[in-house]
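Step one of this worksheet: look at the structure below.
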Amino acid sequence: AHNLTEVPNRFILQSSDGHAETDTVIVRDILEKKGGEVLLAARDATITDTVAAMCEKGVGSALVLDDDGLPAGILTERDVMRSFAAHGAKLGKLKVGDLMSAPVKTVGPDATVISVMQLMTSHRFRHVPIIDDGKLVGIVSIGDVVKTRLAETEFEAESLRQYISTSY
């Protein structure tokens, strides 16, 4: 037996054994699993130093914050690759502020994974900072979103299989 309990912006599907899964995952759920660590870079940091930090941390972006602690720009792997053709060997000495993408689109922690996927697809970017109550609380990547959506789809399929097998 399953109980469907409404909570703000999503539903929780709870089985009789007490196990709960969401059928509409929100960004907050992703951040709870992966954490809120964000790589920050200064506008005047070199591309070489910033890319080295990105590689060390295994991330595809670095955020530049404004004086209020909110995203002013973002340097991504794509920004670096696009700039390489124009700058060649000089690229490493350029500053993050010279190459960063700005302004930065953000979402709140209650945004659904599907809405974040749509935002990323329509604007053709792969990283979205998360702002909660005027503060940076994390960042999600396309990898985070796809991984979460796949898990959500697998859960939905399993729920339907269980429903069908117990209904007949």
Each residue of segment 51-66 in turn: what ³J(HN,Hα) in whole Hz from Karplus with 6.51, -1.76, 1.60 and θ = phi - 60°, glycine and Pro shown as x?
5, 4, 5, 4, 5, 4, 7, x, 10, x, 7, 9, 9, 10, 9, 7
Averaged per residue, what accessible area in Å² does segment 31-75 show with a 1.4 Å probe, protein chains only?
57 Å²
Built amide H within the under 5 Å cut-off of Asp132, gap 5+
Val137
Using the heavy atoms of the protein chains alone and a 1.4 angstrom probe, what is the accessible area of segment 77-156 per residue in square angstrom?
59 Å²
How large is ³J(HN,Hα), in whole Hz, for each residue of segment 75-81 in order, when computed from phi with the Karplus curve 6.51 cos²θ - 1.76 cosθ + 1.60 and θ = phi - 60°, using x for Gly and Pro?
9, 10, 3, 4, 4, 5, 5
In vacuo Debye scattering of segment 62-168, one point per C-alpha: log10 I(q)/I(0) at q = 0.12 Å⁻¹?
-0.55
With a 1.4 Å probe and all protein chains kept in place, how do Thr24, Thr166 rank by accessible area, largest first?
Thr166, Thr24
To the nearest Å, what is the center-to-center distance of segment 107-157 and segment 26-82, using C-alpha atoms only?
16 Å
Built amide H within the under 5 Å cut-off of Ala41, gap 5+:
Leu63, Val64, Leu65
When only alpha-carbon atoms are used, what values of Rg and Dmax, in angstrom, describe segment 29-82?
11.8, 34
Take the residue pairs Lys105/Lys135; Lys93/Lys135; Lys57/Lys147 and return only those whose Cα atoms are more than 21 Å apart.
Lys93/Lys135
Share of accessible surface on carbon and sulfur in segment 82-127, whole %, 1.4 Å probe and ligands ignored, is 55 percent
Students often check this: by mean Cβ neighbours within 10 Å, which of 123-136, 33-46 ranks highest, and how do the rest follow?
123-136, 33-46
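The values are calculated or read from the model by the stated rules, or taken from the named source; none is laboratory data. Everything numeric here is computed off the predicted structure, so don't read it as measured data. Cβ atoms come from the backbone with ideal geometry, glycine included; neighbour counts cover every protein chain shown. Ligands, DNA and RNA are excluded from the accessible area calculation, which covers all protein heavy atoms including side chains. Shrake-Rupley method; radii C 1.70, N 1.55, O 1.52, S 1.80 Å.
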